[in-house]
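Report on the structure given below.
None of the figures in this text is laboratory data; all of them are computed from the coordinates on show. This one's a predicted model, so the numbers in the text were calculated from it and none came from an experiment. Ideal geometry is used to build each Cβ from the backbone, glycine not excepted, and the neighbour counts take in all protein chains shown.
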Amino acid sequence: MTEQLVRTRPTGGWTGSLRRGMERNLPPAKLLPDEQPSYVASWIYVFGVLTLTALLVVVGSGIVLSVRGPDWWHTSAVGHYFNSVHLWSVELLMVFMSVHLIGKFFMAAWRGRRALTWITGAVSFIACATTALTGYLIQQNFDAQWISTQAKDGLNAIGVGAYFNVMDFGQMMLWHVALFPIVVALVVLLHILLVRRRGVVPPIARAGAAGDRS
Amino acid sequence: MTGAPLAAAVAAPVNLNGPGHYVGWGIFHFSVANVVMVAVIVLALIAALLLPFPKGRDRG
């Protein structure tokens, strides 16, 4: 079957070229590996997966909150619980992602043609931080009021206050539950696919042994 | 222990019911909560680098 695909003259159209690109860059063995290099057996390599796990809890609890609505999460015991799960999973997400980011920075994780992996990771950090900011703005409490009145000065100073108005509750609510989750999901998905394509970056001391070019 | 006593016991270590606490260093001002989070991140990073990773079973 593979030989047939190779021998068949490539057909036109974006679906065919996309399929061939995926087959070439992301074969199943790379996409869902069951073995990893020995240097991955270190706690510093665990924080990427911990970040993803926290993100899944954030998304799951966020879906529950958006389905039931503010009357529920502000007044019922179960609503308070899911509200807290959403908050603390975000706190853990940012802690795990910070450790992941610092660890990868000191590993120079952009080595071995992994520049785009590094860039998408940095962009997903910014996207998650911005999503978290809009979440803090829609808590409907004094903390949210304090954050919005502090943030507006900084955002106005860089000239984006008219487009990203942290004092506009409706805009912040919609960006938090609709716009930013799409951005985060797309960037994180691209980041994971790039990690699978290039593999996990080896430690600097092992780079030569692993055949990795800096 | 249920209800109010449980809530009081959980809240006792960190009492958030009041004005925030801040520390200053020159022109820099940090909330204690942020300093604690930065310390947690640094400790997690050091622990991740130093703690031995458990060895899995050899799958042959």
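Looking at chain A, do any whole DSSP H helices span at least 30 angstrom along their long axis by alpha carbon and average 0.5 or above on Kyte-Doolittle, and which?
Going by DSSP H runs, the hits are A:47-68, A:77-106, A:115-137.
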Inset, instruction - Could you grab the relative contact order for segment A:1-160? Cα pairs under 8 Å, six or more apart, rounded to a whole percent. - result: 16
Legend entry - Exercise: per-residue mean of other protein chain Cβ atoms within 10 Å, A:37-46: 3
Inset, instruction - Could you list A:Ile158, A:Ile147 in order of exposure, starting from the residue whose Cβ has the fewest other Cβ atoms within 10 Å? - result: A:Ile158, A:Ile147
Inset, instruction - Choose one of A:Pro70, A:Leu101, A:Leu26: the residue whose Cα lies farthest towards the positive end of the charge dipole of chain A (beta-carbon charges +1 Lys, Arg; -1 Asp, Glu; about the Cα centre). - result: A:Leu26
Inset, instruction - Shielding by partners for A:23-29, please: the mean number of other protein chain Cβ atoms within 10 Å of each residue's Cβ. - result: 0
Inset, instruction - Please say if segment A:47-172 is rounded, prolate or oblate, where rounded means a/c under 1.5 for a ≥ b ≥ c the square roots of the C-alpha gyration tensor eigenvalues, and otherwise the choice is prolate for a/b larger than b/c and oblate otherwise? - result: oblate
Legend entry - Using θ = phi - 60° and Karplus 6.51 cos²θ - 1.76 cosθ + 1.60, couplings along segment B:28-36 (whole Hz; Gly, Pro as x): 8, 10, 10, 6, 4, 4, 5, 4, 4
Inset, instruction - Using the number of other C-beta atoms within 10 angstrom as an exposure proxy, rank A:Arg19, A:Arg197, A:Arg24, A:Arg114 with the fewest first. - result: A:Arg24, A:Arg19, A:Arg197, A:Arg114
Inset, instruction - Grab the other residues whose beta carbon is less than 13 angstrom from that of A:Met97, score K and R as +1, D and E as -1, and report the net. - result: 0
Inset, instruction - Divide by every residue of chain A the summed helix terms, -39500 (n - 2.57) for each DSSP H run of at least 4, and state the resulting mean residue ellipticity at 222 nm, rounded to the nearest 500 deg cm²/dmol. - result: -22000 deg cm²/dmol
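For B:Asn34, what charge total do you get from the other residues with a beta carbon under 15 Å from its beta carbon, if Lys and Arg give +1 and Asp and Glu give -1?
-2
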Legend entry - Rounded D (µm²/s) - segment A:110-201, Kirkwood Rh over Cα pairs, Stokes-Einstein at 20 °C, 1.002 mPa s: 147
